[in-house]
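A short worksheet on the structure shown next.
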Amino acid sequence: MLAAANIRKNKSQAGSLLLFVLIAVLFLNIGLVLLLNFDKFFDTRAEQRHTPHLTILQKAEYTNEDQLDWLKRYPGVKETEKLAVLADYGEYFMHGSKNVASIIFQNTNGSSSMNPFMLVGESLPLEDNSIYVPYMMKAAGDYRLGDDYRLNFDGQELHFTIAGFTEEITFGALMSDLYRFYVSDRAFAALSAQFPDSQSYLQTVRMEESRLGTQAQLDYEKAFYHTEEMKNISSPFVFALSYNAAKEARSTVSITAMLITAFAIIMLFVSLIVIHFGIVNNIDESMTNIGALKAIGYKNSQIMLSIVLQFSSIALAGGLIGIAVSQLMLPILATIMESQSALIWKPGLDAALAFKSLLFIILLVLAVSLWAVKRIFKLHPLIALRGGLHTHSFKRNMLLLEQTRGPLPFILAMKQLVQSKKQAVMVIVIIAAMSFASVAGMSVYYNIGVKPDVFLSMIAGENADAALVLKDRSRTDNVVRNLQQRPEVRKAFGYQHISLVSENIDVSGFITKDFEQREVNMLFEGRYPKHDNEVAVGYTFAVSAGKEIGDAVMVNAGGQEKEFIITGFIQSMSSGGLNMMMTYDGILTIKPDFTFDQICVYLASGTDATALIQSVKAAEGNIFSYAVNTKELIRTQFSQIGDIFAVVAAGMLAVTLLVVLLILYMVIKTMILRKKRELGLQKALGFTTFQLMNQTAFHYTPIILIGTLLGSLGGYFSLNPILSLFMRGAGIVKTNLPAPTAWTIITCIALTCLAYLVSMLISWRIRKISPYSLISE
């Protein structure tokens, strides 16, 4: 009864606390569902679709029956399959922009038993000029049934009519570089005749456990591509994709989930501080009532229990509503995520997870409540009846009015600030925490959705203005020379990715003649390799192999092995940090016939990359598998991911504004109630309502400013250290993402101005109270 009476007495406080808990539970449940349940959904869906644990795509000329026999005999393999497909480098289009990928054509009658084609939504029968495209083209590209669909395949432009969309587990995510398209048997036969050099085989494997696919991939490459027989073949068209790699292509979901969960933890921390403040304030306001209850025989435990029940019931109600609201928002977020994952996921209610989240929060609230009410034990009834006054206060009188110069309302506000240090610290901590979360969230969005160049360099490495891939490697040097002679080209050089094996670890090798030409600094310790016996290695590889700078490593390519010296450590999310940099002269010592087929092109300021590509194609002829405007490619691919983080960042900022409003409402209302007599005296002495409002606003505005500055500076300067800590497992040791300075400054100014305006509005209630009523009450 006491708990219910207290809630009825302080409805506004109860409503504010309920909102705090509601928001914390809302974000926590959404974050945990995304973090824990999407992977479960992916695994369940993969099993339903009979998804392979290892997929190997290679040209027909490099494929033989021995490879399939080897896969069948490999330990842990339960099922294998081999399908004839067409595969080559190509380009697809989304929102009018060109994107680079490896394109696979497969006929529907040749559909595999592993991950067979499955249509999503409405579809039409396949005809000679129609095609089934991955669902990602609809979710991220806004294509519709019956639309014209353009593909560039092996340098030639093809047009189809979209007849349906397919669900793809292994291929088809936004961050994937492999896309599979289905055509009719007649169309497949025509394409096979048109592109004889693109004849390929898709070999798929299911194992006893999905995690075994990664090791099987390494062993397969060692058995068939790092051999003496393959030493005279420069980087054949081959892709080996494990089950884990297909899952990692949907990593944006996990990153978003971690961001939301981290924000939820901050909100939970804020909620607990507010609850502690609410309990302390409740005890102070009800001091006389507590003394009366003690005097008539109520036990300490009964009074404490009533307060604990009051706040626990508010937390329970807020938690239940938060879970309900999160269930309404999850389908919306899942739909937004489809543009990246290319999977239709409809998250339902996870009762067990919701119960655990709610129980965790209730236990925390109980602990904080018990900690806050323990002062009731020491409260004597007589002291409580006197309003908690033990004796007279002999504290130093700060900011004497007759000696301190300045506007009187401002001086009085500063005196109040000095007298309420604990409350000021609480507000500063809360505002700092919320500002930190907002600035961090905006910084992540800025680096992914607005200026993703630096973030992309961590993922993919070199990020040139244009990238060219040639069909005939023998023409690469001539094309590079021609490019270097163009006035609009700053520099052009060969830059190749190649698969290597070192210390029994499959690594992705970056090869170029001079690493000083690169404009993306992947090095975080040591130096780049210069000589033919030197390499720089990724952080994850160095940890796995137990190597330091100056140590020797054995590197295998094409069946030949040689010892190299480590000169530096590099960082890249590509291949999870299992990377290696080697000079052109170095790769020739173990793969003598190696030549480049990929060219990085950097342009002079103001040069249109698309126009340059068209000019180069016209001059060189049909010699390119693909040629792409890299900046345009980034903008297209990352616009979808940027939209996801924009929603998250906007949500964080909106919640921060709401928290500022609620905190100011609670503390200002409490202050007005506590200082009724003082305000009445000031009005009687001639202070106007506007002066008293300004006095209140000046009291809290500096506090908000300090909290905003501390939190914003913390978010600004700690972004990279925190990201480095979380991304170390992915191969990134030192991030260098630029924080948006202008956005941070605007956030500080906006929150401070908002605090002043809101303080003035909340203090407006003073105008309705006369000096007589303030004094008499």
Worksheet item: D154: charged (D, E, K, R), buried (at least 19 other Cβ atoms within 10 Å of the Cβ) and in contact (Cβ under 8 Å) with a residue 24 or more places away in the chain, yes or no?
Response: yes
Fill in: Per-region count, segment 501-515, residues touching a Lys or Arg at 6+ places or on another chain (Cβ under 9 Å) and not aromatic (F, W, Y)
6
Worksheet item: Tally time: how many residues in segment 568-589 are touching a residue at least 60 places away in the same chain (Cβ under 8 Å) and part of a loop (DSSP other than H, G, I, E, B)?
Response: 4
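For (1) of a type in the set (A, V, I, L, M, F, W, C); (2) at pLDDT below 75, each residue gets a yes or a no:
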{"position": "D453", "(1), (2)": "no, yes"}
{"position": "S457", "(1), (2)": "no, yes"}
{"position": "A467", "(1), (2)": "yes, no"}
{"position": "S474", "(1), (2)": "no, no"}
{"position": "V479", "(1), (2)": "yes, no"}
{"position": "H497", "(1), (2)": "no, no"}
{"position": "V501", "(1), (2)": "yes, no"}
{"position": "G509", "(1), (2)": "no, no"}
Response to the item:
The residue that is nearest to the chain's Cα centre (by Cα), considering only those in segment 340-357 that are part of a helix (DSSP H, G or I) and surrounded by fewer than 19 Cβ atoms within 10 Å (Cβ to Cβ), is L353
Worksheet item: Can you find even one residue in segment 530-543 that is of a type outside the set (D, E, K, R) and over 19 Å from I498 (Cα atoms)?
Response: yes
Worksheet item: Among the residues of segment 517-525, is there at least one that is in contact with a Ser or Thr (Cβ under 9 Å, 6 or more places away or on another chain), closer than 30 Å to P721 by Cβ and buried (at least 20 other Cβ atoms within 10 Å of the Cβ)?
Response: yes
Response to the item:
Sole miss for T741 among (1) under 30 Å from G686 (Cβ atoms); (2) at pLDDT 80 or above; (3) not aliphatic (A, V, I, L, M) is condition (1)
Worksheet item: Condition test on I549, is it modelled with pLDDT of 85 or more, among the β-branched types (V, I, T), out of contact with any Pro (no Cβ under 8 Å at 6 or more places or on another chain) and surrounded by 15 or more Cβ atoms within 10 Å (Cβ to Cβ)?
Response: yes
Item to complete: Please specify each residue of segment 307-322 satisfying the condition of being under 34 Å from the mean Cα position of the chain (by Cα) and surrounded by fewer than 23 Cβ atoms within 10 Å (Cβ to Cβ).
Response: S312, L316, A317, L320, I321
Discussion item. Condition first: more than 24 Å from the chain's Cα centre (by Cα), modelled with pLDDT of 80 or more and over 30 Å from S572 (Cβ atoms). Can you find one or more residues in segment 744-751 that meet it?
Written reply: yes
Discussion item. Which of the strands (runs of 3 or more DSSP E) found entirely inside segment 87-160 contain at least 1 residues meeting this: assigned by TED's automatic domain parsing to the domain that holds I623?
Written reply: none
Worksheet, complete the sentence: Scanning segment 352-372 residue by residue, those in contact with a helix residue (DSSP H, G or I) (Cβ under 7 Å, 6 or more places away or on another chain) and modelled with pLDDT of 75 or more turn out to be L353, A354, S357, L358, I361, I362, L364, V365, L366, V368, S369, L370
Fill in: A609 vs. criteria over 22 Å from T512 (Cβ atoms), modelled with pLDDT under 85 and either crowded, with 22+ Cβ neighbours inside 10 Å or among the hydrophobic types (A, V, I, L, M, F, W, C) (or both)
no
Worksheet item: In segment 734-756, what residues are among the hydrophobic types (A, V, I, L, M, F, W, C) and part of a helix (DSSP H, G or I)?
Response: A742, W743, I745, I746, C748, I749, A750, L751, C753, L754, A755
Item to complete: Kindly establish whether L710 is farther than 26 Å from I255 by Cα, at pLDDT 80 or above and buried (at least 16 other Cβ atoms within 10 Å of the Cβ).
Response: no
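The values are calculated or read from the model by the stated rules, or taken from the named source; none is laboratory data. Source: prediction; values computed, not measured. Ideal geometry is used to build each Cβ from the backbone, glycine not excepted, and the neighbour counts take in all protein chains shown.
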